[in-house]
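Here's the structure we're looking at; comments come further down.
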Amino acid sequence: MTVTGHPLLIMPMVSRVDYIQPGEVSLSVLLDVMFQIVEIFVKGIEFLHSLRIVHMVDICGGNMLTAHPEHASVHKQIVANRLYIIDFGQSRQFALGPGVQRAITLPETQIEPPNGLLHFDPYSWDIYCTGRMLEYFVTRRYNVVWKIPPPRLATKLIEWLIGNERGCTGVCHCRPTAREALRVLIVLRWAVGAPEDYAWIVDSLADILPTSTRT
Ligand SMILES: [Zn+2]
């Protein structure tokens, strides 16, 4: 409690995702991070969506944090290497749920909408931002730090999440739901963990993912 009587909420400390060391990020680790992000959206954002709440404005790389092992040793409720989405300050609750809610006029958002669009299905917007956040994470790690192209599978997965937005004014079907994305990731994680003799499985799965024609 402050001297003026306002309550204070002190939360455990977590770090930016960049703390993960380059040498640790193999394709399987990368997919593991992606899986966590989408899993968070299924268990977290989709939970919010079931309450007709959309994160809305602030999904971006800066609001995706991870716990360092030292943080976990200090705070028992923190799990090392787990990803945490923060900043729900401008989240919004709708009268209608996902699959029913039509596009709305977007407020000013951290991530720029595609093709200069001013309206979006808010639930699909959360997924679009998730794809853009993954793109930021993967591009930064591969193209900027390592200066090599990212795995084709990761690129295809990100394109699938971002989708090819057609400017829907009703319910948007331009990208998967968080639950659909999670199902695909479960298969991809299994395939990446398969023996080298079965590496063709990864390429085959990459071919199955729809190719985006976005500009
Ligand atoms: Zn759409």
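Bear in mind these aren't lab numbers, they're just calculated from the coordinates by the rules spelled out. What you are looking at is a predicted structure, and each value in this text was computed from that prediction instead of being measured. Here the Cβ is made from the backbone with ideal geometry for all residues, glycine too, and neighbour counts use every protein chain on show.
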*asked:* Which of His49, His68, His6, His173 has the fewest other C-beta atoms within 10 Å, and how do the rest follow up to the most?
replied: His6, His173, His68, His49
*Sort Phe47, Phe88 so that the residue with the fewest other Cβ atoms within 10 Å of its own Cβ comes first and the one with the most comes last.*
Phe47, Phe88
_Once you order the gyration tensor axes a ≥ b ≥ c over the Cα atoms, which shape class does region 87-129 get: rounded for a/c under 1.5, otherwise prolate or oblate by comparing a/b with b/c?_
oblate
*Footprinting exposure proxy for Val54, Val14, Val145 (fewest neighbouring C-beta atoms within 10 Å first)*: Val145, Val14, Val54
